[in-house]
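Peer 1: First the structure, then my questions, so here it is.
The values are calculated or read from the model by the stated rules, or taken from the named source; none is laboratory data. From a predicted model like this one, the values you see are computed outputs, not experimental measurements. Positions of Cβ are generated from backbone atoms using ideal geometry, with glycine treated the same way; all protein chains shown enter the neighbour counts. Only protein heavy atoms, including side chains, enter the accessible area calculation; ligands, DNA and RNA are left aside. Shrake-Rupley method; radii C 1.70, N 1.55, O 1.52, S 1.80 Å.
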Amino acid sequence: MFPEPRKTRMITPREALPGRSERMPVGGVHPVLGSPLAPPFPSGFATAVFAMGCFWGAERKFWGVPGVFSTAVGYAAGYTSNPTYEEVCTGRTGHAEVVQVVFDPTKVSYEALFGVFWDNHNPTQGMRQGDDVGTQYRSGIYTHGDAQMQAANRSRAEYQRTLKAAGFGEITTEIQALPVFFYAEAKHQQYLAKNPDRSCNLHGCPVTRGKDGK
């Protein structure tokens, strides 16, 4: 079975759904970490945004990392303002499903978070992750500032060498500055903690990274 071209082709801004000005009403406390889901966050904390397929599973991978203060799922790198989940799934918003990770850089570095990112999905699959097909499932790193952009590009180059040595293809992960993060609906936040009978499996490539990515 081949992917539908409609699902795997990135739309243009003119093709995007219009969206809305109202923000998604998300707030309250993270049920696993006991921290707020939305700003303000503690002074000195940093934020990272990753796309690695199904955002339910991606979020669960990060909330267990020591030094991570809060996580939330949402949408980024598209055109539609404040989209709904259903709109994103049509492929007509341009967004990827992402997880926002708020962390204490004195306890875990931005670079250390790449270990979770690369190890828990296959970044060579283009507009899909396994059986999940569509532009919203693409791999991505969406950065805040020049330092994160440089770190992301270094990490991708290092991991590409690792994958090439193991016989895998080219990384398709997009790296770009984050213009805005749109929160997903409240029902999707920490979904796998609230619904332990559900699953969202993410699978990395069977390779081993060293400290230098080799």
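Peer 1: Taking the chain as a Gaussian network, where each spring joins two C-alpha atoms under 10 Å apart, which residue of THR124, THR80, THR106 fluctuates the most?
Peer 2: Comparing THR124, THR80, THR106 in a Gaussian network model of the chain, the most mobile one is THR106.
Peer 1: Counting each pair of different Cα atoms once, what's the Kirkwood radius of the chain in Å, rounded to one decimal?
Peer 2: It works out to 17.5 Å.
Peer 1: Let me ask something else about it. Roughly to the nearest percent, how much of the accessible area of region 1-131 is carbon and sulfur, given a 1.4 Å probe?
Peer 2: Carbon plus sulfur share of accessible area: 55 percent.
Peer 1: Now a separate question. Could you run the Karplus curve 6.51 cos²θ - 1.76 cosθ + 1.60 with θ = phi - 60° over region 57-67 and give me ³J(HN,Hα) per residue in whole Hz, x for Gly and Pro?
Peer 2: x, 4, 4, 4, 4, 8, 5, x, 7, x, x
Peer 1: For a label point 7 angstrom out from the Cα of GLN150 toward its Cβ, which stretches of region 100-128 have the backbone nitrogen within less than 15 Å?
Peer 2: Of the residues in region 100-128, 110-111 have backbone N under 15 Å from the label point off GLN150.
Peer 1: Now, a different point. Report the trypsin sites (Lys or Arg not before Pro) located in region 1-84 that are in a DSSP loop and have at most 14 other Cβ atoms inside 10 Å of their Cβ, or state none.
Peer 2: Hits after loop and neighbour filter: ARG9, ARG20, ARG23.
Peer 1: Right, another one. With the chain treated as a Gaussian network of Cα nodes joined by springs under 10 Å, which of CYS200, CYS54, CYS89 yields the largest mean-square fluctuation?
Peer 2: Result: CYS200 has the largest fluctuation of those listed.
Peer 1: For region 1-123, take every pair of Cα atoms, bin their distances at 5 Å starting from 0, and report each bin as a whole percent.
Peer 2: 2, 11, 18, 20, 18, 15, 10, 5, 1, 0
Peer 1: Let me ask something else about it. Of the candidates THR84, THR12, THR143, which one comes out as most mobile in a Gaussian network treatment of the chain with C-alpha springs shorter than 10 Å?
Peer 2: Among THR84, THR12, THR143, the largest mean-square fluctuation in the Gaussian network model of the chain belongs to THR12.
Peer 1: For region 101-214, what is the accessible area per residue in Å² when the probe is 1.4 Å?
Peer 2: About 49 Å² of surface per residue is accessible.
Peer 1: Isolated Cys in the chain by the 4.7 Å beta carbon test?
Peer 2: Those would be CYS89, CYS205, since no other cysteine Cβ in the chain comes under 4.7 Å of theirs.
Peer 1: Follow-up question, since we're still on this one. For region 134-182 and region 7-23, what is the separation of their Cα centres, given in Å?
Peer 2: Going from one Cα centre to the other spans 22 Å.
Peer 1: Continuing with the same structure: Which one, ILE11, GLN136, HIS121, projects farthest toward the positive side of the charge dipole computed for the chain from Cβ point charges (K/R +1, D/E -1)?
Peer 2: HIS121
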